[in-house]
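Below: one structure, written as structure tokens.
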Amino acid sequence: MKVIAAMSGGVDSAVAAARAVEAGHEVTGIHLALSRNPASYRSGARGCCTIEDANDARRAADVIGIPFYVWDLSDRFHDDVVEDFMAEYAEGRTPNPCLRCNEKIKFAAVLDRALALGFDAVATGHYAVLKDGADGVELHRSADAAKDQSYVLGVLDQEQLRHSLFPLGDTPKPLVREEAARRGLLVADKPDSHDICFVADGDNAGWLKEKLGDRLPNTEGAIVDEAGLELGRHDGTVGFTIGQRRGLRLGRPAADGKPRFVLDIEPVSGTVTVGPREHLAVSHLSGIKPRWAGSTPSSLDGSVQLRAHGDEHRCRVTVGDTVEIELLDPAYGIAPGQAAVLYDGTRVVGSATIASTRRVPVER
């Protein structure tokens, strides 16, 4: 097959490209330029939007012996990922930009261009496994549970899966680094990227305040308890997410002495409501914008993952106008805007964006 290898400049994508060559494919490496001014998003080795990363990717392609190009997708990335991230936070929701990037950029814009140029597939360094199944190509969890990335790939549909390659899915990360060193790839010991790739220093709140400017929903407001008693003030709801504990700066302690967590965010009034952790327990989720890896199920007894590195929760799912997810064991700190990725064993069934949650009733 003719394969595009998406090379971020890290060790995983470099080894994935090398394995694609060894498998007999005709491979061309590409690096995605996601910002016209890389320093405007992020600098250093922790992200994936830097000049250093582009140079690392080019050197890896030279060692592997494949053609290499840089594709400028900065406008598409800004419109589909960055603007979506800002808009969601402004509305008091908690988005996952990595899922949006996979959906809109790596497996939509890149794949569309690759197919138009006569390529058959896109290979990436994601840790996930593809298998042939009765319903087409199945997406499964990787062999390395600690590095599994099936959650952020849960937005891929059957057409995208048929044109995808994940060469690292059967290998633990330490062995990937060892292989990179054997191959002479200088990125063998390069640190993994962390946080959100386009946010400097991981300071989401500061970045959002700077970038949103006049679009900020508020620049101050009250932090209140569930009875409406003001406990403190804040300088913008974009600095909070559901389930947050740190940085609340409450002016008065809780009467019961328990730590307080963010329970609700109301951008219009600028009100942030806090309460004890047990009041965060969620028993039901309603999802919208579903994306199915195969045929659409009418129901499912399986599990759901609600964060990129979170635990699985047993669940029962019914699919109609919305995706209704009943959690058989409660989850904590779940916010609208997050993705719910559904599994049948290790197989990804699909995903939905959480629109609302129902909390476990608490005796008062």
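Scan segment 63-106 for residues that are farther than 26 Å from Leu208 by Cβ and part of a helix (DSSP H, G or I) and jot them down.
Of everything in segment 63-106, those that are farther than 26 Å from Leu208 by Cβ and part of a helix (DSSP H, G or I) turn out to be Val63, Ile64.
For Thr296, the conditions (1) of a type in the set (Ser, Thr, Tyr); (2) surrounded by 13 or more Cβ atoms within 10 Å (Cβ to Cβ); (3) assigned to a loop (DSSP other than H, G, I, E, B) are fulfilled apart from (2).
Take the residues in segment 175-219 that are part of a helix (DSSP H, G or I) and among the basic types (Lys, Arg), then tell me which one is farthest from Tyr89 (Cα to Cα). It comes out as Arg182. Residue by residue through segment 198-222, note down the ones that are at pLDDT below 90, over 18 Å from Ala87 (Cβ atoms) and buried (at least 17 other Cβ atoms within 10 Å of the Cβ). Correct list: Ala200 only. Does Arg59 count as at pLDDT 90 or above, of a type in the set (D, E, K, R) and in the same structural domain as Ser193 (by TED's automatic domain parsing)? For Arg59, the condition - at pLDDT 90 or above, of a type in the set (D, E, K, R) and in the same structural domain as Ser193 (by TED's automatic domain parsing) - is met.
Applying the condition of being surrounded by fewer than 18 Cβ atoms within 10 Å (Cβ to Cβ) and in contact (Cβ under 8 Å) with a residue 24 or more places away in the chain to segment 153-176 and asking which residue is nearest to the chain's Cα centre (by Cα) yields Asp157. Listed conditions (1) within 30 Å of Gln244 (Cβ to Cβ); (2) in contact (Cβ under 8 Å) with a residue 60 or more places away in the chain are all met by Asp225, apart from (2). Selection over segment 61-73 of residues that are crowded, with 19+ Cβ neighbours inside 10 Å and out of contact with any strand residue (DSSP E or B) (no Cβ under 6 Å at 6 or more places or on another chain) gives a count of 1.
How many of the residues in segment 226-271 are outside any loop (DSSP other than H, G, I, E, B) and either surrounded by fewer than 18 Cβ atoms within 10 Å (Cβ to Cβ) or not aliphatic (A, V, I, L, M) (or both)?
Total satisfying the criteria: 10.
Return yes when Ala90 is surrounded by fewer than 19 Cβ atoms within 10 Å (Cβ to Cβ), more than 17 Å from the chain's Cα centre (by Cα) and either at pLDDT below 90 or not assigned by TED's automatic domain parsing to the domain that holds Leu32 (or both) and no when it is not. For Ala90, the condition - surrounded by fewer than 19 Cβ atoms within 10 Å (Cβ to Cβ), more than 17 Å from the chain's Cα centre (by Cα) and either at pLDDT below 90 or not assigned by TED's automatic domain parsing to the domain that holds Leu32 (or both) - is met.
The single condition from (1) more than 20 Å from the chain's Cα centre (by Cα); (2) acidic (Asp, Glu); (3) over 30 Å from Leu250 (Cβ atoms) that Asp144 fails is (1). Is it fair to say Gly337 is within 17 Å of the chain's Cα centre (by Cα) and surrounded by 15 or more Cβ atoms within 10 Å (Cβ to Cβ)? Judged against the criteria, Gly337 is a match.
Scanning segment 9-20 for residues that are buried (at least 24 other Cβ atoms within 10 Å of the Cβ) and either at pLDDT below 95 or touching a Cys at 6+ places or on another chain (Cβ under 6 Å) (or both) returns a single hit, Gly9.
The values are calculated or read from the model by the stated rules, or taken from the named source; none is laboratory data. Just so it is clear, the model here is predicted, and its values are computed rather than measured. Neighbour counts run over all protein chains shown; Cβ positions are idealised from the backbone, glycine included.
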